[in-house]
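Enquirer: Got a structure for you, written out below as structure tokens; questions coming shortly.
The values are calculated or read from the model by the stated rules, or taken from the named source; none is laboratory data. Predicted, not measured: the structure shown is a model, and the values here were computed from it. Please note: Cβ atoms are built from the backbone with ideal geometry, for glycine as well, and neighbour counts cover all protein chains shown.
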Amino acid sequence: MNAIINYFSEVINGGITLLKGMGITGKHFVRAPKEIITQQYPDNRDTLTFGDRFRAQLFMEHNEENQNRCDACQTCETVCPNGSIEVVWHREADPETGKKKKVLDKYVYHLGMCTFCNLCVLACPTEAIKMNKEFETAVYDRSELTKVLNKPGSKFSQDYVDKTIGNK
Amino acid sequence: MYDFSKMTGAIHEWLSSLMPSVLVTTVEWILIGVVFLALFAILGLVLVILERRIAGFFQFRLGPNRVGPQGMFQTVADTVKLLLKELVSTDKVDKFLYNVAPFFVIIAPLMIMAVIPYGLGLTAYDINIGLFFVMAISSIGVIGILLAGWSSNNKYSLIGAMRSGAVIISYELSMGLSSLLAIVLLAGSLNLNDIVMSQEAGWWLFRGHIPAVIAFIIYIITGTAETNRVPFDLTEAESELGAGFHAEYSGIKFAFFFLSEFVNMFIIAALAATIFLGGWLPIHIPGWEGFNNIMDYIPGPIWFFLKTGAIIFLLMWFRWTFPRLRIDQILTLEWKYLLPISLLNLVLMAFVVMMGWVF
């Protein structure tokens with residue numbers, strides 16, 4: 001007798017759980033037209049939204065006076081696992097103190113080798129480089145993937161560094 | 001209700017006045033064949049795009065919406081692609097069986113479509129053993145699947161085909177023996193047109209109350225298994241077997257298998273609508289005279305396709321809700337649960353009919 005009761009209660013329980021599942025998907029179906037998560041990408045290029053931690057490619061920040069915050073310390077070059085950063089520099093005497101200091105010539109970034117691990121951004125003591133959200137990086141020739149990040153004629157400015165990162 | 005036999009009769013008389021009777025029969029055969037092939041192709045195209053859009057909504061996606069308005073022509077484009085694709089076959093396939101298998105699979109639903117009543121007087125082949133004919137012919141599809149798996153010379157195809165055989169043959173039992181037979185007891189006829197006409201006072205699903213509802217649930221479960229759809233899709237089981245029995249097929253031969261799956265779904269839904277939901281009869285609510293009169297103006301085929309569409313939506317809902325069962329779970333479900341319950345249900349239904357406890 002017990003076995004028969006068990007048998008039928010199993011069947012009924014099974015039916016109830018199936019109905020519960022169908023209830024959930026049914027609710028989804030009704031709510032779907034308002035809550036579709038598909039991004040229709042090329043159409044919605046202007047309204048695309050990204051997550052806070054989305055990383056597309058490396059760039060160097062400049063201010064209006066064409067100054068950057070890179071003092072050519074090469075920490076990023078050392079820390080990069082793929083060698084996708086090359087810092088080209090020379091020594092130059094500081095006009096005020098007369099001390100010889102590193103000066104940045106070219107900040108070469110090989111996008112083709114970059115894995116977007118963000119280590120360079122974390123390592124930079126002056127927050128000179130950052131990751132932006134420009135993800136459309138396809139080009140027709142591989143040589144175009146090698147980029148120079150510092151703008152032509154831009155200079156390092158200690159004031160700009162102090163203003164940005166304060167007295168941390 | 002408009003009687004479509006007037007229209008078909010007029011066509012018959014017009015043809016008879018033009019040519020001898022032997023030619024008339026031939027021409028009529030060809031006409032009916034063309035109509036059904038067209039219906040077959042249209043059903044395939046429409047059901048595939050519907051399934052994909054509905055699946056999208058179940059998962060908060062959009063589904064294909066690029067080709068034509070709301071993606072309506074996506075399946076047309078897919079069909080053109082499949083028609084133009086090269087027919088590849090592996091070495092050591094059993095050439096004859098490999099080529100003949102898709103036709104077995106596609107002929108079974110095409111033959112069943114002939115006996116389904118789409119409207120008053122709108123049945124291609126009105127025979128007195130309609131339901132029996134359906135059950136008998138639907139078994140031919142299994143042969144096609146088994147042949148495809150066997151002749152492909154691929155162990156995964158063979159596993160898929162054998163699973164399919166096991167599932168379909170065992171689920172046919174509780175489908176034919178009990179759930180359909182329960183309604184035959186009520187209607188007192190195997191002829192599908194007579195079954196529809198016997199529901200003029202109300203659908204068997206409601207008039208047969210408890211046993212009819214149990215029969216309907218069992219029919220829907222077994223119907224899903226018969227068409228190899230999720231959650232009984234272990235014949236294809238993408239994660240285990242690649243594509244199962246049609247893994248070695250390409251181009252239009254693959255399209256045949258794909259198409260027949262969707263048309264089989266339509267047939268299962270059409271039978272459910274015919275037997276349980278009153279087929280092409282309009283919805284009537286006793287006492288609401290005005291409402292009933294308005295409903296009578298909507299033609300029968302539209303009612304038929306509306307009811308069928310509702311069942312198809314239910315099957316799609318199953319597909320995007322339930323996870324796949326293992327082969328042992330499927331056979332346990334059939335032999336330990338569905339078959340005993342449906343046999344008990346048949347006895348219950350016989351008792352109900354004997355006592356006249358039908359509304």
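Enquirer: Can you tell me which residue is surrounded by the most Cβ atoms within 10 Å (Cβ to Cβ) among those in segment B:238-284 that are in a loop (DSSP other than H, G, I, E, B) and touching a Lys or Arg at 6+ places or on another chain (Cβ under 7 Å)?
Expert: Here is the first cut: in segment B:238-284, the residues in a loop (DSSP other than H, G, I, E, B) are B:242-243, B:247-250, B:277-284.
Still in the running and touching a Lys or Arg at 6+ places or on another chain (Cβ under 7 Å): B:250, B:277.
Numbers: B:250: 15, B:277: 24.
Here the answer is B:277.
Enquirer: Sticking with this one: Taking segment B:121-166 as the region of interest, how many residues are outside any helix (DSSP H, G or I) and charged (D, E, K, R)?
Expert: Matching residues across segment B:121-166 total 1.
Enquirer: Within the bounds of segment A:46-63, is there any residue that is within 14 Å of chain B (Cβ to nearest Cβ) and either more than 30 Å from residue A:163 (Cα to Cα) or under 24 Å from the mean Cα position of the chain (by Cα) (or both)?
Expert: Looking through segment A:46-63, none of the residues is within 14 Å of chain B (Cβ to nearest Cβ) and either more than 30 Å from residue A:163 (Cα to Cα) or under 24 Å from the mean Cα position of the chain (by Cα) (or both).
Enquirer: Tell me the residue from B:23, B:43, B:83, B:18 that is closer than 24 Å to residue B:229 by Cβ and either basic (Lys, Arg) or out of contact with any His (no Cβ under 6 Å at 6 or more places or on another chain) (or both), please.
Expert: B:43
Enquirer: Whether any residue in segment A:131-151 is at pLDDT 90 or above, assigned to a loop (DSSP other than H, G, I, E, B) and more than 27 Å from residue A:50 (Cβ to Cβ) is what I want to check.
Expert: Yes, segment A:131-151 contains a residue that is at pLDDT 90 or above, assigned to a loop (DSSP other than H, G, I, E, B) and more than 27 Å from residue A:50 (Cβ to Cβ).
Enquirer: Only one of B:52, B:66 is within 26 Å of residue A:31 (Cβ to Cβ) and exposed (fewer than 12 other Cβ atoms within 10 Å of the Cβ). Can you tell me which?
Expert: B:66
Enquirer: Separate question: So, in segment B:177-204, exactly how many residues are modelled with pLDDT under 85 and under 26 Å from residue B:261 (Cα atoms)?
Expert: The total comes to 4.
Enquirer: Taking residue A:38 and the conditions (1) closer than 27 Å to residue B:62 by Cβ; (2) β-branched (Val, Ile, Thr); (3) touching a helix residue (DSSP H, G or I) at 6+ places or on another chain (Cβ under 9 Å); (4) more than 14 Å from chain B (Cβ to nearest Cβ), which numbered condition does it fall short on, given that it satisfies the others?
Expert: Condition (4) is where residue A:38 drops out.
Enquirer: Additional query: Given the structure, is residue B:308 more than 14 Å from chain A (Cβ to nearest Cβ), among the polar types (S, T, N, Q) and either under 22 Å from residue B:193 (Cβ atoms) or free of Cβ contacts under 8 Å to residues at least 40 places away in the same chain (or both)?
Expert: Answer is yes for this residue.
Enquirer: Where the second residue is surrounded by fewer than 16 Cβ atoms within 10 Å (Cβ to Cβ) and assigned to a loop (DSSP other than H, G, I, E, B) and the first is within 9 Å of another protein chain (Cβ to nearest Cβ) and lies in segment B:56-71, which pairs have Cβ atoms under 6 Å and are six or more apart or on separate chains?
Expert: Once the first residue is within 9 Å of another protein chain (Cβ to nearest Cβ) and sits in segment B:56-71, its partners that are surrounded by fewer than 16 Cβ atoms within 10 Å (Cβ to Cβ) and assigned to a loop (DSSP other than H, G, I, E, B) give B:60/A:37; B:61/A:38; B:62/A:38.
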